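The values are calculated or read from the model by the stated rules, or taken from the named source; none is laboratory data. Just so it is clear, the model here is predicted, and its values are computed rather than measured. Quick reminder, even Gly has a Cβ in these numbers, built from the backbone with ideal geometry, and neighbours come from all protein chains shown. Remember, those area values only see protein heavy atoms, side chains included, never the ligands or the DNA or RNA. Shrake-Rupley method; radii C 1.70, N 1.55, O 1.52, S 1.80 Å.
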Amino acid sequence: MKTVKVSVVTPDGPVRETDATMIIAAAESGEIGILPGHISTVAPLRIAPLRIISGDKEEVIAVHGGFIEVRPDVVTILAQIAETADGIDIDRAKAAAKRAEEALRAKQDDDVDRAIHELALKRADNRINVHQMGQ
Ligand code: ATP
């Protein structure tokens, strides 16, 4: 079974290092599937789950933006923030989603504030999805 090394790294240190038979990442340009031997490339990522498949096992990481660097034998995900499914505090994520939704419902004239709350909601939704996918 051919594999590719995958590591998810943040400024706080490595979040996950493993071998995969396939990686599915949400690039800004769309979803990309990476198999061992993929040509080298770099792409910006969306706030979305990263799926790491190894044989019949799959794990999911909440990646909140950043970049994916693909080389034929190693894939590196560089993100400001990322969590494994079992590293997610689901109550905290639900509370963050609720706070962001309430702030977005309140009248806001400030586009910057709105963008901040929209991003917070995206991160919280990403965490909630990844937690569910990891069950
Ligand atoms: P909150 O409002 O709950 O702090 P946030 O989206 O503002 O959420 P971030 O700025 O994205 O938080 O992350 C700050 C740090 O807290 C990061 O290290 C991130 O991994 C961690 N973190 C945030 N929310 C959670 C969560 N629900 N479970 C585990 N770690 C979390």
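With respect to the conditions (1) modelled with pLDDT under 95; (2) aliphatic (A, V, I, L, M); (3) closer than 16 Å to residue 130 by Cα, residue 106 lacks only one, and its number is (3). Checking residue 116 against (1) touching a Gly at 6+ places or on another chain (Cβ under 9 Å); (2) aliphatic (A, V, I, L, M); (3) within 14 Å of the ligand (Cβ to nearest atom); (4) open to solvent by 50 Å² or more (accessible area, probe 1.4 Å), only one condition comes out false. Which one? Failing condition for residue 116: (1). Just so you know, in the range 64-101 the residues that are touching a Pro at 6+ places or on another chain (Cβ under 8 Å) and within 11 Å of the ligand (Cβ to nearest atom) include one that is modelled with the highest pLDDT, and it is 80.
Considering only the range 94-113, state which residues are surrounded by 12 or more Cβ atoms within 10 Å (Cβ to Cβ) and either over 18 Å from residue 62 (Cα atoms) or in contact with a helix residue (DSSP H, G or I) (Cβ under 6 Å, 6 or more places away or on another chain) (or both). Quick ask: steps written out before the conclusion?
First, pick out the residues of the range 94-113 that are surrounded by 12 or more Cβ atoms within 10 Å (Cβ to Cβ): 94-101, 103-104, 108, 113.
Scanning the range 94-113 gives 96, 97, 98, 99, 100, 101, 103, 104, 108, 113.
Out of curiosity, is residue 122 assigned to a helix (DSSP H, G or I), touching a strand residue (DSSP E or B) at 6+ places or on another chain (Cβ under 8 Å) and either basic (Lys, Arg) or within 14 Å of the ligand (Cβ to nearest atom) (or both)? Judged against the criteria, residue 122 is a match.
Taken together, 103, 124 contain a single residue that is within 26 Å of residue 18 (Cα to Cα) and without any contact (Cβ under 8 Å) to a residue 40 or more places away in the chain, which is 124.
Picking from residues in the range 59-83 that are open to solvent by 30 Å² or more (accessible area, probe 1.4 Å) and in a strand (DSSP E or B), the one that is farthest from residue 12 (Cα to Cα) is 71. Just one of (1) within 16 Å of the ligand (Cβ to nearest atom); (2) more than 22 Å from residue 26 (Cβ to Cβ); (3) of a type in the set (A, V, I, L, M) fails for residue 106. It is (1). The test for being in a strand (DSSP E or B), at pLDDT 95 or above and more than 20 Å from residue 132 (Cα to Cα) holds for residue 32.
Residue 16 falls short on exactly one of the conditions (1) closer than 24 Å to residue 131 by Cβ; (2) out of contact with any strand residue (DSSP E or B) (no Cβ under 7 Å at 6 or more places or on another chain); (3) surrounded by 12 or more Cβ atoms within 10 Å (Cβ to Cβ), and that condition is (2).
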